[in-house]
Amino acid sequence: MRRYEFHSTLPPELVFAILDTNTKPWDLLATGDGTFRYKRKKDGFWLTYTGDLPATGDIPFWGEVRAEGAGSVITGGFPPLRAALKPQPMAAIWGVMCVPVMLLGVPFPVYLLMFALSLLVGTGFRSAGQKAFFSKRQQAVLALIQENLLQ
């Protein structure tokens with residue numbers, strides 16, 4: 001994952017306030033409406049662009065804002081593993097699969113190993129798919145940060 005670092009003249013709270021005004025609240029079901037979606041988590045945030053076509057699978061930008069002098073530093077990137085560990089329908093599917101696997105006699109440690117391997121393989125596929133299909137969305141998110149948060 002490529003890591004980005006932006007130096008802003010704005011204090012951290014103003015960075016978050018600008019994100020609040022220039023984006024809509026986080027909504028996993030919003031796809032293809034051409035809006036930026038944002039969710040704050042303490043000193044960090046998720047930021048994504050929904051694009052013009054209704055497609056899911058993009059990895060949102062995970063950033064952290066810390067004070068530096070009179071301004072702030074925004075660091076982050078598009079982490080496939082962090083995005084994969086967020087609660088998603090696939091996690092529910094794997095959880096439901098656990099019961100039949102246990103009933104068929106597959107030992108629980110083997111199930112955990114299968115789950116971990118599928119998570120790693122899925123992360124690799126998501127990372128490759130991100131570069132192939134969602135690079136314009138990534139560029140739009142980075143442009144929003146550069147144009148509105150650095151001043």
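Sorting Lys24, Lys42 by accessible area (1.4 Å probe), largest first, what list results?
Listed by decreasing accessible area, they come as Lys42, Lys24.
Tell me, in nm to one decimal, what length is gained between Ala143 and Met102 on full extension, where the rule is 0.36 nm per residue of separation less the Cα-Cα distance? Spell out each step's value before the answer.
Details: separation 41, 0.36 × 41 = 14.76 nm, distance 4.80 nm.
Value of the extension gain: 10.0 nm.
Students sometimes get this wrong: rank Glu147, Glu64 by accessible area, probe 1.4 Å, all chains present, largest first.
Values: Glu147 135, Glu64 80 Å².
Descending accessible area places them as Glu147, Glu64.
In nm, to one decimal, how far is the Leu119 label point from the Asp20 one, both placed 7 Å along Cα→Cβ?
3.4
For segment 1-55, what is the Kirkwood hydrodynamic radius in Å, using each pair of distinct C-alpha atoms? Working shown, then result.
Numbers: mean 1/r = 0.0803 Å⁻¹.
Evaluated over segment 1-55, this radius sits at 12.5 Å.
Per-residue HN-Hα couplings for segment 26-43, Karplus 6.51 cos²θ - 1.76 cosθ + 1.60 at θ = phi - 60°, whole Hz, x for Gly and Pro?
4, 8, 5, 8, 7, 9, x, 9, x, 10, 9, 10, 9, 9, 8, 9, 6, 8
For the residue pair Leu28 and Arg66, what label-to-label distance in nm results when each label sits 7 Å from Cα along the Cα-to-beta-carbon direction?
Each label point is offset 7 Å from its Cα along the Cβ direction, giving 3.0 nm.
List the aspartates and glutamates whose Cα lies under 12 Å from the Cα of Lys42, skipping any in the same chain that are fewer than 8 positions away.
Glu13, Glu64
The values are calculated or read from the model by the stated rules, or taken from the named source; none is laboratory data. Note that the structure is predicted; figures quoted are calculated from it, not measured. No Cβ is skipped: glycine too gets one built from the backbone with ideal geometry, and neighbour counts run over all protein chains shown. All accessible areas refer to the heavy atoms of the entire protein, side chains included, with ligands and DNA or RNA removed. Shrake-Rupley method; radii C 1.70, N 1.55, O 1.52, S 1.80 Å.
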